[in-house]
Amino acid sequence: MVEIRYTRFDISNDMEFSTIKKLIDEDLSEPYSIYVYRFFLNQWPNLTYLAWAEGSGKPIGCIVCKSDTHNGVRLRGYIGMLAVEKQYRGRGIAKKLITLAIDTMIDEKCDEIMLETECSNAAALHLYENMGFIRMKRLFRYYLNQGDAFKLILPITEKSCVRSTFLGMDSFPTDTIL
Ligand SMILES: CC(C)(COP(=O)(O)OP(=O)(O)OC[C@H]1O[C@@H](n2cnc3c(N)ncnc32)[C@H](O)[C@@H]1OP(=O)(O)O)[C@@H](O)C(=O)NCCC(=O)NCCS
């Protein structure tokens, strides 16, 4: 079995940038412009991880994330992109990439982690729901191909379970890990 290695994105490495773009462009229905990649990778290089197969010379999987204040009251991590090359799927690589990203977002005090995925993407839904993500909303015709999306959330702290309006009004415990 080929050994898989995981690294954090190196912002000074152009090959890593172009391989991430290629991996994502190949698989996702939504065409992203180069500015979308720059937006994520320039601002949150610490929240992008790569998977490398022994001898491949280039990443064979990646996860691209960000984190931001949501409604001014909680810190929300966001998984923007995830892909693993076809020939390497089914070996737990995506699960490991997601775990690395989640651990970093927890270290950075995120209250929750959010993502959207196509309702028809059974592999992604199975993957995320097995890791504790919960379906919050169906977003109708969310994608350019007219496909619906599910918005999934992984609550980390108690803040994630309280409506933003109430968080703004009261002092809720901020350090409780669920
Ligand atoms: C979704 C994707 C990232 C999964 O990558 P992977 O490395 O094969 O996933 P893993 O091997 O880590 O699998 C993790 C879990 O997902 C499940 N899974 C993976 N592919 C699946 C499939 N086709 N159908 C059902 N479940 C699947 C696995 O069974 C595993 O579950 P387990 O923990 O209960 O065993 C990969 O198929 C891919 O790149 N798809 C195209 C891009 C995409 O859809 N990205 C997600 C958009 S949000």
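The values are calculated or read from the model by the stated rules, or taken from the named source; none is laboratory data. Source: prediction; values computed, not measured. With ideal geometry, Cβ positions are generated from the backbone for all residues, glycine too; neighbour counts draw on all protein chains shown. These accessible areas exclude ligands, DNA and RNA; they are computed on the full protein's heavy atoms, side chains included. Shrake-Rupley method; radii C 1.70, N 1.55, O 1.52, S 1.80 Å.
Tabulated data for the structure shown
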read-out: Residue satisfying all of: in the stretch 126-145; part of a helix (DSSP H, G or I) and in contact with a strand residue (DSSP E or B) (Cβ under 8 Å, 6 or more places away or on another chain); most open to solvent (accessible area, probe 1.4 Å) among these; value: E129
read-out: Qualifying position, being modelled with pLDDT of 95 or more, open to solvent by less than 40 Å² (accessible area, probe 1.4 Å) and within 16 Å of the ligand (Cβ to nearest atom), among P45, P59; value: P59
read-out: Some residue of the stretch 26-36 being within 14 Å of the ligand (Cβ to nearest atom), within 25 Å of L125 (Cα to Cα) and buried (at least 20 other Cβ atoms within 10 Å of the Cβ); value: no
read-out: So E112, is it charged (D, E, K, R), in contact with a Pro (Cβ under 6 Å, 6 or more places away or on another chain) and more than 14 Å from the ligand (Cβ to nearest atom); value: yes
read-out: Residue in the stretch 146-178 that is nearest to T117 (Cα to Cα), counting only those that are open to solvent by 80 Å² or more (accessible area, probe 1.4 Å) and at pLDDT 80 or above; value: Q146
read-out: Pairs, first under 10 Å from G132 (Cα atoms) in the stretch 142-158, second among the aromatic types (F, W, Y) and at pLDDT 90 or above, C-beta under 6 Å, six or more apart; value: L152/Y128; L152/F133; L154/F133
read-out: Test: residue in the stretch 38-60 that is under 28 Å from Y142 (Cα atoms) and small (G, A, S); value: no
read-out: Residue satisfying all of: in the stretch 87-97; within 8 Å of the ligand (Cβ to nearest atom) and without any contact (Cβ under 8 Å) to a residue 60 or more places away in the chain; surrounded by the most Cβ atoms within 10 Å (Cβ to Cβ) among these; value: A94
read-out: The stretch 4-25: number of residues that are closer than 21 Å to D103 by Cβ and either within 13 Å of the ligand (Cβ to nearest atom) or open to solvent by 40 Å² or more (accessible area, probe 1.4 Å) (or both); value: 7
read-out: Test: residue in the stretch 74-86 that is within 12 Å of the ligand (Cβ to nearest atom), over 12 Å from the mean Cα position of the chain (by Cα) and surrounded by fewer than 17 Cβ atoms within 10 Å (Cβ to Cβ); value: yes
read-out: Single residue of E85, E30 found to be among the acidic types (D, E) and at pLDDT 95 or above; value: E85
read-out: When residues of the stretch 100-109 are limited to those that are within 14 Å of the ligand (Cβ to nearest atom) and closer than 19 Å to S160 by Cα, the one most open to solvent (accessible area, probe 1.4 Å); value: I102
